[in-house]
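Following: one structure in structure tokens, then a few remarks.
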Amino acid sequence: MAVCARLCGVGQAGGCRRRAPVEEEEEEEVRAAQEAPRSLLQLPPEILVEIFSCLPGTQLPLLALVCRKFRQILSTDTIWRRRCRTEYGVHENLRKMEVTGVSCREVYVKRINPRVKSGRFMKILPDYENMEYRDVYAHLLHQYRDILGLWQPDLGPYGGLLNVVVDGLFIIGWMYLPPHDPHVDEPMRLKPVFRIHLMEKKTATVECMYGPKGPHNGQIQMVKKDEFCTKCLQTDYHRMSGGRQEEFRTWLRDDLGRTLDDIFHEHMQELILMKFIYICQYDNCLTYRRIYHPPSRPDDLVKPGFFKGTYGSHGLEIVMLSFHGMTAKATKITGDPNVPAGQPTLEVDLTRPMRLPSIEQLRNFSELSRLVLDIRDLISREQRLAGGVEDAGSSSRAEPAQAPSLVASAEESAANGPDASENGEQQPQDLQQFVLPEEVMARNGEYPRSCRVCFYGTGLIAGHGFSSPERTPGLFILFDDNRFGFIWLELKSFSLYSRMTDKFQNSQPPAPEAFDEMLRAMQLWTT
């Protein structure tokens with residue numbers, strides 16, 4: 001106040017014409033507190049919309065019971081549109097959606113709604129003009145949320161890979177088919193099995209996509225946790241005018257990329273005909289069981305995932321590569337009458353890296369066989385000394401005794417690789433030259449000519465009907481992050497595997513234990 005008195009010429013008793021800044025701030029805070037809303041009901045509607053849009057969609061119906069204002073606010077379609085986008089990845093604009101091109105998948109762009117006559121192939125969709133995102137969330141996405149993710153169909157030994165995703169304003173089940181044999185590096189082929197959408201307001205419609213006549217009525221039912229079944233209600237849509245023979249020709253051309261004239265080997269003819277007859281038995285009703293994408297760890301040899309590989313006369317099959325401590329496993333997702341889906345086709349002992357011999361020695365199958373069998377015998381001796389009772393071909397958890405001529409660390413194996421390319425540039429030190437022995441049969445001769453590291457492993461072979469299964473020794477070859485191979489010594493054959501680059505949502509296991517439990521269950525499904 002003394003400073004204030006010198007400025008304005010009056011003292012404290014005369015009254016000050018200039019208020020202290022502290023007093024002004026206190027009055028503003030009091031005034032703001034008096035004007036601020038004391039409950040959510042006093043907030044502007046646009047603020048409530050922003051708040052409610054951040055809440056899980058499953059909680060919004062309970063919030064609507066609070067009062068009439070909340071119920072009116074929650075009828076705003078912006079809230080439900082954001083929940084559809086955030087929780088399920090829906091990005092379509094219902095108000096501006098065109099009648100064609102809802103999904104980028106060309107597989108079902110040519111499906112025609114039989115109620116609409118058109119001279120061109122186009123996707124005629126229901127009228128979404130009066131449909132709301134709240135109905136899409138409640139009666140489509142939330143209602144069928146439990147079937148999203150990866151599934152394996154119960155097709156006996158053949159198995160399969162189904163990915164159920166939200167695609168535009170549809171929920172679609174895509175069956176993943178390998179490329180035509182033996183082109184493992186080509187992308188997967190996708191085939192729609194069913195689709196779900198809202199034909200009318202608040203009513204979800206399930207359509208079967210199997211057969212040549214377009215979508216038709218179907219059903220989906222959750223059998224139990226992590227298992228559901230589909231049922232076709234109009235199987236006449238699956239039939240062709242030419243009968244089973246025409247259906248067989250079409251199946252050969254579409255699924256296997258073959259014709260009847262291409263099949264010369266009698267054994268291959270039997271295998272293909274057997275598969276067609278078996279699959280046709282399940283075109284009416286099919287059960288699916290949930291599977292997970294293998295979890296990854298920082299110290300994994302490569303990123304785990306799904307691969308497509310060559311299996312001789314059985315064609316291309318899908319396997320799942322996963323890591324379990326110092327063991328890598330390749331489990332069949334699709335199978336055949338000899339080794340069915342769900343069985344561990346390969347097991348690799350990561351404690352047993354192998355040093356490849358020179359190219360001249362590697363061309364000699366006897367030399368490669370001697371190296372692999374020596375490691376198998378070494379494992380057997382270690383197990384006997386340790387008092388173990390494991391099979392001779394299985395991986396040992398104990399630290400192996402080092403045999404310099406046979407077993408080397410990954411760094412020592414890499415040292416055998418070429419140091420420079422033909423033009424003089426330095427090559428990565430973790431590569432070594434590779435060539436198949438002359439006696440080994442390869443379905444695909446376009447395999448890499450260099451690899452990172454090789455390991456001792458075993459492959460599962462069996463007779464027809466999975467009779468007399470046994471694990472036989474072989475050589476696992478890691479070419480790069482996306483390709484590996486396996487030489488089956490007993491069969492004198494080579495399988496080449498290439499990574500599937502497809503992205504899978506809703507496929508991660510809730511816990512590592514859940515993935516291990518799934519692997520055990522898969523073996524029981526087809527045993």
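The values are calculated or read from the model by the stated rules, or taken from the named source; none is laboratory data. Just so we're clear, the structure is a prediction, and the values are computed from it rather than from any experiment. Quick reminder, even Gly has a Cβ in these numbers, built from the backbone with ideal geometry, and neighbours come from all protein chains shown. The area values use the complete protein model at the heavy-atom level, side chains included, leaving out ligands, DNA and RNA. Shrake-Rupley method; radii C 1.70, N 1.55, O 1.52, S 1.80 Å.
Here are some notes:
- Spacing of the modelled spin labels on V435 and D254, each 7 Å from Cα toward Cβ, amounts to 4.5 nm.
- At R0 = 25 Å, FRET efficiency that the Cβ-Cβ distance of N482 and S296 yields, to 0.05: 0.95
- Expressed in Å, the radius of gyration and Dmax of the Cα atoms of the stretch 236-347 are 17.5, 56.
- Here the spin labels are modelled as points 7 Å beyond Cα on the Cα-Cβ line, and at L524 and H464 they lie 3.0 nm apart.
- Separation of alpha-carbon centers, the stretch 297-370 and the stretch 70-84, rounded to whole Å: 51 Å
- 1.4 Å probe accessible area per residue over the stretch 154-273, in Å²: 48 Å²
- One chain, two ends: E227 and L65. Fully extended at 0.36 nm per residue, the span grows by 54.9 nm beyond their Cα-Cα distance.
- Peptides 170-178, 500-508, ordered by how many other C-beta atoms sit within 10 Å of their residues on average, highest first, read 170-178, 500-508.
- Taking 20 Å as the limit for the C-alpha separation, the pairs K191/K303; K231/K308; K308/K329; K224/K332; K308/K503; K191/K329 exceed it in the case of K191/K303; K231/K308; K224/K332; K191/K329.
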